[in-house]
Amino acid sequence: MATITDDLIRFAGSEVPQDAAAMMRLSLFDWAACGIAGAREEEFFDVVQIQMALSKGANSVLGGGGASAPTAALINGMLSHALDYDDTHFAHIGHPSVAVVPAVLALAEDIGADLSAVVEAATIGVEASILTGLWLGRDHYQVGYHQTATAGAFGATLAACRLLALGKGDIRHALGLSTTMASGLKSQFGTMGKPLNAGLAARTGVEAAIWAQAGMTSAADGMAGPLGFAQTHHGSGDMVKRPGKAWRILEISHKFHACCHGLHAMLEALRDVDIAVEKIDAVHIRTHPRWMSVCNISDPQTGLEAKFSYRQTAAMSLLGHDTGAIKNFSDDLTQAPEVMALRDRIKVTEDTSLGETQAEVSLRLENGAVRRVRHDLLAPMPFDTRAEKVRAKAEGLLGEGRAAALWQAVHADTLADFTDQLAMS
């Protein structure tokens, strides 16, 4: 009987549809904008410098400098997830691009690949990470594993194998090697350990592929075999239908708020609420049960914790603070008296009738009236509208001129033009 390993090996050679590649190129732009901005975060500066000193090389690192391919993948995965502003896929409960793109990019520089080859391999890798996330299932995530890091490592590995044009036997070994390295826990949410998870997944992809290419072997089926990844990591192991004409990457969700994606349906629901705060007596947020253990820090103390708090981000939105602005997720705003006072009037409860991409908010006014708003993140969005919103987000992160230059580089085919953009601070 075929297993997920067999399926991924066959999938590695798939022809990439144009619409899937177009979505990946948009995500590549979004990834780069988030990464360039993330490289400016001072708290990561010393960590990056230490990593580059320990593993010297010429592979591009966000913000400038160079490192070996595995270390460049680690750093770029970490920095591109530093702001927690990168893309998400709700089917596999993770951030696909931050695990896959850094792995592909690091190896592409080594072999002299063009940007089209990067996009093609990354599309395969992102799709594979989604399929793997679905294969692992909800229990894997609920028990505490961070699927950006676990499913993402397998996506990064398959993407690296595609770029290096490895044969089926080597791909099998690369996936098997990934099973003994893939790791990452949700307990790191709200700390610098969360973006590290993304970097570790990217590095795993690079190392597993180049080790397999060099002849390192592994268990024949480290994913689905006896004592394999699914069995030992609370994975369901249920077979997942491979994509047909419509690949799952087309369901990718880009962030337009600088916080955990579990908060976005609620924030989108509040976007059109125009009620003076003093007229609001109480706020009741209803969300899918899964998010209660992910982004429901009741009384955050830091800007980083604020990114995982329904009450904090709802209070910010209702008070008119732009949740798409990185600067607003600060310690000072998190502890501002007016924000704290409002969030004390906000209640969050789980609602099993809601899907994972949905939220409903009830606002009870001082005159007794109640206003209800809701949103579903899977509501259809035309590609051109999505691209316009992603470009506007990049302009907010980088400035209009820099965002335009990055957009041009992403839609050219010279890898050096793109990596030059990444190196600029």
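The values are calculated or read from the model by the stated rules, or taken from the named source; none is laboratory data. Please read all numbers here as calculations on a predicted model, not as lab measurements. Methodologically, a virtual Cβ is constructed for each residue, glycine included, from the backbone with ideal geometry; neighbour enumeration extends over all protein chains shown. Please note that ligands, DNA and RNA were not included when accessible areas were found on the heavy atoms of the full protein model with its side chains. Shrake-Rupley method; radii C 1.70, N 1.55, O 1.52, S 1.80 Å.
In this structure, is Leu107 under 30 Å from Gly228 (Cα atoms), touching a strand residue (DSSP E or B) at 6+ places or on another chain (Cβ under 9 Å) and not basic (Lys, Arg)? Taking the combined requirement at face value, the residue satisfies it. Test Leu79 against the stated conditions and say whether it is closer than 30 Å to Glu305 by Cβ, assigned to a loop (DSSP other than H, G, I, E, B) and of a type outside the set (Gly, Ala, Ser). Answer is no for this residue.
Annotation note: of Asp344, Asp272, Asp332, the sole residue that is out of contact with any strand residue (DSSP E or B) (no Cβ under 8 Å at 6 or more places or on another chain), exposed (fewer than 14 other Cβ atoms within 10 Å of the Cβ) and farther than 20 Å from Glu41 by Cβ is Asp344. Answer yes if at least one residue in the range 62-70 is under 20 Å from Ala160 (Cα atoms) and in a helix (DSSP H, G or I), and no otherwise. Yes, that holds for at least one residue. Looking for something at pLDDT 95 or above and over 30 Å from Asn296 (Cβ atoms) - is there at least one such residue anywhere in the range 182-205? Yes. For the range 245-299, residues that are over 24 Å from the mean Cα position of the chain (by Cα), among the small types (Gly, Ala, Ser) and modelled with pLDDT of 95 or more total 1. When the residues of the range 374-425 are filtered to those that are of a type in the set (S, T, N, Q) and not in a helix (DSSP H, G or I), which remaining residue is least open to solvent (accessible area, probe 1.4 Å)? Out of the qualifying residues, it is Thr414. Give the residue that is farthest from Ala151 (Cα to Cα), with candidates limited to residues of the range 1-41 that are open to solvent by 50 Å² or more (accessible area, probe 1.4 Å) and over 21 Å from the mean Cα position of the chain (by Cα). The selected residue is Gln18. Checking each residue in the range 131-167 for being under 11 Å from Ala212 (Cβ atoms) and either of a type outside the set (A, V, I, L, M, F, W, C) or buried (at least 24 other Cβ atoms within 10 Å of the Cβ) (or both) picks out Thr157, Ala160, Cys161, Gly167. Scanning the range 58-69 for residues that are at positive phi and open to solvent by 30 Å² or more (accessible area, probe 1.4 Å) returns Gly63, Gly65. The number of residues in the range 190-218 being open to solvent by 20 Å² or more (accessible area, probe 1.4 Å) and either touching a Pro at 6+ places or on another chain (Cβ under 9 Å) or under 30 Å from Ala306 (Cα atoms) (or both) comes to 7. For Val348, are the conditions met, namely being part of a strand (DSSP E or B) and modelled with pLDDT of 95 or more? Considered against the rule, which asks whether it is part of a strand (DSSP E or B) and modelled with pLDDT of 95 or more, Val348 comes out as yes. At least 2 residues being over 26 Å from Gln51 (Cβ atoms), more than 17 Å from the chain's Cα centre (by Cα) and without any contact (Cβ under 8 Å) to a residue 24 or more places away in the chain is the threshold, and among the helices (runs of 4 or more DSSP H) wholly inside the range 95-212 not one reaches it.
Among residues that are out of contact with any strand residue (DSSP E or B) (no Cβ under 6 Å at 6 or more places or on another chain) and open to solvent by 10 Å² or more (accessible area, probe 1.4 Å), Ser80 is not included.
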